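Engineer: Below is the structure I would like to discuss, written out as structure tokens.
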Amino acid sequence: SVESWFKLKIVVEKSTVPVRTAEAIEKILCHNTNSKGIKYQILSNPEFLSEGTAIQDFLNPDRVLIGGSQCPEGLEAIQKLKAIYAHWVPEDRMITTNLWSAELSKLADNAFLAQRISSINAIKNTKIGPKFLNASVGFGGSCFQKDILNLVYICDSNGLTEVANYWKQVIKVNDYQKSRFVKRVVTSMFNTVSGKKIAILGFAFKKHTSDTRKTPAIDVCKGLLGDNTCLSIYDPCVTEEQIQKDLSMDVSVVGDAYEATKDAHGICILTEWDEFKNIDYQSVYDNMHKPAFVFDGRNILNVDKLREIGFIVYSIGRPLEQWLKNMPQQA
Ligand SMILES: NC(=O)C1=CN([C@@H]2O[C@H](COP(=O)(O)OP(=O)(O)OC[C@H]3O[C@@H](n4cnc5c(N)ncnc54)[C@H](O)[C@@H]3O)[C@@H](O)[C@H]2O)C=CC1
Ligand SMILES: O=C(O)[C@H]1O[C@H](OP(=O)(O)OP(=O)(O)OC[C@H]2O[C@@H](n3ccc(=O)[nH]c3=O)[C@H](O)[C@@H]2O)[C@H](O)[C@@H](O)[C@@H]1O
């Protein structure tokens, strides 16, 4: 009947949450509505979209994961949610499982993606698959670190100390990657960047977003500012206010790459924005102090062309040129 239909509610958990959150939600709801005779089925339907491609990912997901209680009511609730997705997602891309497996899968998925990035950053072998595997100055974003720490916590609480340490190491390697980049900049520029102007191109944690949460640019900029450098920052999407808030100081934020690089001693590419590939680097070079350095933290620039112009170039994952080889390497 309509009345009983209204008394069965399905709650869908989309956020990435600690394992067993669905159980907690169910308990809280049941204890608060018992007297009204309402019954709940909680489903875990973790979100796998990436920022910057959210709409495409939503419309054409690799997979849709739905976890629910394995009792008849739970299985029915799973089918109801599947029926909604069936409007645009093929059946074979939908995976159903129990509640905690769905919650855990999402954490494991993010931890695995982050681990692969840390691995490629440590090895930098261009032969290892190009799909979702670009060496970089480090991964950022609001989710990877939080989800790995979540996984570490579950492992620790279940006595899996070695496994917890394994995942913790992914974060440590990522932190190392950022500090190593800063050291590379400093050592290349005669062991100090004090008083020198460095242009920072890109501040968002990846292209096609203005999101700066846990962006590697924060740590790199703070590292350079620690050596008293003068930063001039440009990002096509991130606001001046946001950058100053993230760095907790009044740094110079400018409106384009040419202004940022004018009279600079070095350039750091920290986000892989496409427009950075199309800058007139000859005119940038002409307006910089010499020797002029480029540190490409996203491996997006044409290194040979830049070297022809006269730049000294360091690009993540590529062979070092003689200049850099001759500099004392601390990292
Ligand atoms: N941003 C992304 O691309 C993706 C995010 N996710 C997951 O989706 C969830 C949301 O992500 P975002 O939208 O990026 O985060 P967000 O930080 O933009 O939004 C989170 C919202 O939750 C609110 N909030 C936080 N704690 C709360 C509490 N205790 N009670 C009530 N409200 C609270 C905050 O005020 C904020 O409005 C996260 O679990 C994230 O891991 C999953 C896949 C992709
Ligand atoms: O749970 C989430 O929030 C989402 O987290 C990530 O998505 P997102 O954080 O939007 O961005 P990614 O494209 O994964 O990039 C994360 C960071 O890794 C870096 N990255 C990514 C890929 C790569 O090859 N190399 C690399 O350094 C990016 O620049 C960025 O800083 C996952 O890719 C999504 O599957 C997941 O749904």
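Read-outs throughout are calculated quantities, based only on the coordinates presented, and are distinct from any laboratory measurement. Being a predicted model, the structure only gives us computed values, none of them experimental. Neighbour counts are summed over all protein chains in view; Cβ atoms, including those assigned to glycine, are modelled from backbone coordinates with ideal geometry.
Engineer: Applying the Karplus parametrisation 6.51 cos²θ - 1.76 cosθ + 1.60 with θ = phi - 60° to the phi angles of the stretch 67-81, what ³J(HN,Hα) value in whole Hz is obtained for each residue in order, glycine and proline being reported as x?
Structural biologist: x, x, 4, 8, 6, x, 5, x, 5, 5, 4, 4, 4, 4, 5
Engineer: OK, next. Taking amide H positions as placed 1.01 Å from N in the peptide plane, with prolines and chain starts having none, which residues 5 or more places from Leu8, or on another chain, fall under 5 Å of its amide H?
Structural biologist: Lys39
Engineer: Angle between the Cα long axis of helix 21-33 and the longest principal axis of the chain, 0 to 90 degrees, nearest 10?
Structural biologist: 50 degrees
Engineer: Using a Förster distance of 35 angstrom, determine the FRET efficiency expected from the C-beta separation of Glu240 and Ile55, and round it to 0.05. Show your work: numbers first, answer last.
Structural biologist: Details: r = 28 Å, r/R0 = 0.79.
Between Glu240 and Ile55 the formula returns 0.80.
Engineer: Largest first and in whole Å, give the semi-axes of the stretch 2-97's equivalent ellipsoid, each being the square root of 5 times a Cα gyration tensor eigenvalue.
Structural biologist: Numbers: eigenvalues 138, 49, 26 Å².
Here the semi-axes work out to 26, 16, 11 Å.
Engineer: Could you pull out every residue, at least 5 positions away or on a different chain, whose amide H is within less than 5 Å of the one on Asp296? Hs are placed 1.01 Å off N in the peptide plane, and Pro or chain starts have none.
Structural biologist: Ile269, Tyr314, Ser315, Ile316
Engineer: A further question on this structure: Above 26 Å lies some portion of the pair distances; for the chain, what is it as a whole percent of all C-alpha pairs?
Structural biologist: Details: 30695 of 54615 pairs.
Tail fraction, whole percent: 56.
Engineer: Helix 216-225 versus the longest principal axis of the chain: what angle, 0 to 90°, nearest 10, using Cα atoms?
Structural biologist: Helix 216-225 sits at roughly 40 degrees to that axis.
Engineer: Using the structure shown, list the pairs from Lys207/Lys305; Lys106/Lys168; Lys207/Lys277; Lys183/Lys222 with a Cα-Cα distance above 19 Å, or answer none. Could the numbers behind the result be given before it?
Structural biologist: Working: Lys207/Lys305 23 Å; Lys106/Lys168 17 Å; Lys207/Lys277 13 Å; Lys183/Lys222 12 Å.
Beyond 19 Å: Lys207/Lys305.
Engineer: Antiparallel DSSP bridges in the chain: what percent, to the nearest 5? Intermediate values should be presented prior to the final figure.
Structural biologist: Details: 1 of 30 bridges.
The answer is about 5 percent antiparallel.
Engineer: Ala122 versus Ser157, label points 7 Å from Cα toward the beta carbon: distance in nm?
Structural biologist: Distance between the two pseudo-spin positions: 2.7 nm.
Engineer: Here is a further query. Any idea what the alpha-carbon Rg over 2.2 N^0.38 Å comes to for the stretch 175-326?
Structural biologist: On the way: Rg = 13.9 Å, N = 152, 2.2 N^0.38 = 14.8 Å.
That works out to 0.94 for the stretch 175-326.
Engineer: Going by alpha carbons, how many degrees (0 to 90, nearest 10) lie between the helix axis of 161-188 and the longest principal axis of the chain?
Structural biologist: 20 degrees
Engineer: Find which of Cys230, Ile123, Val193 sits farthest along the positive direction of the dipole of the chain, computed with +1 on the beta-carbon of Lys and Arg, -1 on that of Asp and Glu, about the Cα centre.
Structural biologist: Value computed over the given set: Ile123.
Engineer: Please give me the summed charge of the neighbours of Glu162: other residues whose Cβ is under 12 Å from its Cβ, Lys and Arg +1, Asp and Glu -1.
Structural biologist: Details: positive: Lys168; negative: Asp156.
Overall, the nearby charge balance is 0.
Engineer: Given a Förster distance of 35 Å, report the FRET efficiency between Gln322 and Tyr258 from their Cβ-Cβ distance, rounded to the nearest 0.05. Write down the numbers at each step before the final one.
Structural biologist: Numbers: r = 29 Å, r/R0 = 0.83.
Plugging the Cβ-Cβ distance into 1/(1 + (r/R0)^6) gives 0.75.
Engineer: If you place +1 on the Cβ of every Lys and Arg and -1 on the Cβ of every Asp and Glu, how big does the dipole about the Cα centre of the chain come out, in debye to the nearest 20? Let's see the in-between values first.
Structural biologist: Numbers: 39 positive and 38 negative charges, 148 e Å.
Approximately 700 debye in magnitude.
Engineer: So, one more: Ordered by residue, what ³J(HN,Hα) values in Hz, to whole numbers, does the stretch 312-326 give under the Karplus form 6.51 cos²θ - 1.76 cosθ + 1.60, where θ = phi - 60° and Gly and Pro are x?
Structural biologist: 3J(HN,Hα) across the stretch 312-326, in whole Hz: 9, 10, 10, 10, 3, x, 10, x, 7, 8, 4, 3, 6, 5, 7.
Engineer: Would you please give the residues with an amide H less than 5 Å from that of Ser252, counting only those at least 5 places away or on a separate chain, with H modeled from the backbone geometry?
Structural biologist: The list, which skips near neighbours in sequence, is Leu231, Ile233.
Engineer: Taking the Cα centre of the stretch 129-257 as origin and charging only Cβ (+1 Lys, Arg; -1 Asp, Glu), how large is the dipole, in debye to the nearest 20? Spell out each step's value before the answer.
Structural biologist: On the way: 16 positive and 13 negative charges, 83 e Å.
Once rounded to the nearest 20, the dipole reads 400 debye.
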